[in-house]
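Since the structure comes first, as C-alpha cells, the remarks are kept for the end.
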Amino acid sequence: MPRKPIHSWPQTLTNWCVIWAFERAGCPGCLRRPPSLAAAFVAEVSTAVRFRLFFLRPAELAAKVQAATESACERVGGDTYRATRGAAMEAEKDYLRSITRTGQCPQRFADHEQCAAALAGQRQQFQAEVSSARRRC
C-alpha cells in the first residue's frame, strides 16, 4: 500500500498562507509557465517562513530573556553589580588564558569560581526583579 506524505500543521498552514499571499500579490510572469515553478517558489518561501518562526525564535527569545535579566540586575544592583560582573568576566578571561601555562591554572580557576559564585549570589538577591523582567520580556 503506498504511503501518503505526512505533513505537519505548521507546514500546511504556512503553505496556505504563502499561497494566499502569492495569489493576492499576483503571479509574476516568470513563474507562470510551467506551473511547477510556482509550486517550487511556494515551497521554498514556506520553508523559509517555518524556519524563521519555529527554529530562530527560541534562540532569539533566550537572548532577550538574558538581556532582560542583565538589565534588571544592573538597574537594581547598580555599580556594585557592574563591578562584580566585571571582576567575574576578567577572572574568566584570566583563567582561559592560563590554561596553556603550567602552574597558573589552578589558582586562576579558583579565582574564577569565587567571582562566579559572588555574581550568582548577587543575582539571587535580585530574583524578584529578574522574574518580573523575564515575565515582561
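The values are calculated or read from the model by the stated rules, or taken from the named source; none is laboratory data. All of these numbers come straight from a predicted model, not from anything done at the bench. With ideal geometry, Cβ positions are generated from the backbone for all residues, glycine too; neighbour counts draw on all protein chains shown. The accessibility values were calculated without ligands, DNA or RNA, using every heavy atom of the protein model including side chains. Shrake-Rupley method; radii C 1.70, N 1.55, O 1.52, S 1.80 Å.
Side notes on the structure shown:
- Rounded to the nearest 20 debye, dipole of the range 31-134 from Cβ charges on Lys, Arg, Asp, Glu: 640 debye
- Accessible surface for the chain, divided over its residues, is 74 Å² per residue with a 1.4 Å probe.
- Highest average packing first - 116-124, 18-26, Cβ atoms within 10 Å: 116-124, 18-26
- All Cα-Cα distances of the range 1-105, cut into 5 Å bins from zero to the largest, leave 2, 10, 10, 11, 9, 9, 8, 7, 6, 8, 8, 7, 4, 1, 0 percent in each bin in turn.
- Portion, in percent, of the accessible area of the chain that falls on carbon or sulfur, probe 1.4 Å: 61 percent
- Relative contact order [Cα under 8 Å, 6+ residues apart], the chain, whole percent: 25 percent
- Of LEU53, THR100, GLY86, farthest towards positive along the dipole that unit charges on Lys, Arg, Asp, Glu beta carbons give the chain: LEU53
- Estimated 222 nm signal from helices in the chain, with DSSP H stretches of n ≥ 4 weighted -39500 (n - 2.57), rounded to 500: -27000 deg cm²/dmol
- Of the DSSP H helices in the chain, those whose Cα atoms cover at least 27 Å axially and whose Kyte score averages -1.0 or more: 57-98, 105-125
- Here r is the Cβ-Cβ distance between ALA128 and ARG97 and R0 is 41 Å; the resulting FRET efficiency, rounded to 0.05, is 0.65.
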